[in-house]
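Participant: Before I ask anything, let me first share the structure, which is written out below as structure tokens.
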Amino acid sequence: MSQARARGDGEGRLITLEGLDGSGKSTVLAGLRERHPAWTFTREPTGSWYGDAVRRSVGSETADPIAELFLFIADHAEHLRTTVRPTLASDGVVVSDRYIDSRVAYQAVTLAELIDEPAGFIWGVHEPFTILPDLTVFLDVDPETAAERAGATNKFEQVAHLRQVRRRYEAIIAGAPERFTRVDAAAAPEAVLTAVETAIDAVVQR
Ligand code: TYD
């Protein structure tokens, strides 16, 4: 039986933002923060020492991809315990910059040659303990623009890699369309923010 929280129970809501590096998540989050000071804004990798370990791994060209996956998952578990569960339990709104889908997209690419059906494996590790978002906003931008905007400063930000990551995101969305809202991240920043707000409002007020 899945421990994933049923959508819509209680007043608390979990919203996640996903997209390629350079998709404009930071700009959207800054706008949301300003308009909703009572909401809890958080991110993966987190600011905990687990998150530090993740960043150290992401910065390494030689990190073992399986070890890296489990560092990300350790950070996710800590994130659930310290931030996500307590906020939902007190009926708050949590907005997370990246969450499970980042692993199912990015690590499925790094693990593709090591594991059969990596996306299913990665989801399977999360499934017994995680909490599914009520809504995931996917900021959609083509990999070329994303790589250019991100400046390709880490190993995940190269255009060839981002093309594969985007295909993985498309597969996740195809498998759970009801959870996702896709927003055209190539639009003007104000239009992107308005589209994200409209999608979130529909879930928060429900
Ligand atoms: P992030 O902190 O969002 O990037 P930045 O430092 O540019 O703000 O994430 C760091 C990198 O890690 C980014 O390229 C996306 C990647 N990532 C994964 O591969 N898997 C994950 O589960 C997460 C949360 C991030």
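The values are calculated or read from the model by the stated rules, or taken from the named source; none is laboratory data. Bear in mind that the values here come from a model prediction, so they are computed numbers and not experimental data. All Cβ positions, glycine included, derive from the backbone under ideal geometry; neighbour counts span all protein chains shown.
Participant: Restricting to region 156-193, count the residues that are among the aromatic types (Phe, Trp, Tyr) and outside any helix (DSSP H, G or I).
Facilitator: The number of residues fulfilling the criteria is 1.
Participant: Among the listed residues 136, 153, 145, identify the single one that is polar (S, T, N, Q) and in a loop (DSSP other than H, G, I, E, B).
Facilitator: Values: 136 fails: in a loop (DSSP other than H, G, I, E, B); 145 fails: in a loop (DSSP other than H, G, I, E, B).
Exactly one of 136, 153, 145 is polar (S, T, N, Q) and in a loop (DSSP other than H, G, I, E, B), namely 153.
Participant: Now a separate question. Those residues that are of a type in the set (Val, Ile, Thr), within 15 Å of residue 70 (Cα to Cα) and more than 8 Å from the ligand (Cβ to nearest atom), I need them from region 92-108; list them, please.
Facilitator: Scanning region 92-108 gives a single hit, 104.
Participant: Only one residue in 57, 23, 48 is within 11 Å of the ligand (Cβ to nearest atom), among the polar types (S, T, N, Q) and more than 13 Å from the chain's Cα centre (by Cα), so which one is that?
Facilitator: 57
Participant: List every residue pair whose Cβ atoms sit under 7 Å apart, with the two residues 6 or more apart in sequence or on different chains, where the first one lies in region 182-194 and is surrounded by 15 or more Cβ atoms within 10 Å (Cβ to Cβ) and the second, anywhere, is part of a loop (DSSP other than H, G, I, E, B) and modelled with pLDDT under 95.
Facilitator: 185/23; 185/24; 192/24
Participant: Could you go through region 119-131 and let me know if any residue there is more than 10 Å from the ligand (Cβ to nearest atom), in contact with a Lys or Arg (Cβ under 6 Å, 6 or more places away or on another chain) and in contact (Cβ under 8 Å) with a residue 60 or more places away in the chain.
Facilitator: Yes, some residue in region 119-131 is more than 10 Å from the ligand (Cβ to nearest atom), in contact with a Lys or Arg (Cβ under 6 Å, 6 or more places away or on another chain) and in contact (Cβ under 8 Å) with a residue 60 or more places away in the chain.
Participant: Go through region 126-166 and report how many residues are surrounded by fewer than 16 Cβ atoms within 10 Å (Cβ to Cβ) and under 16 Å from residue 100 (Cα atoms).
Facilitator: Residues that pass the stated criteria total 3.
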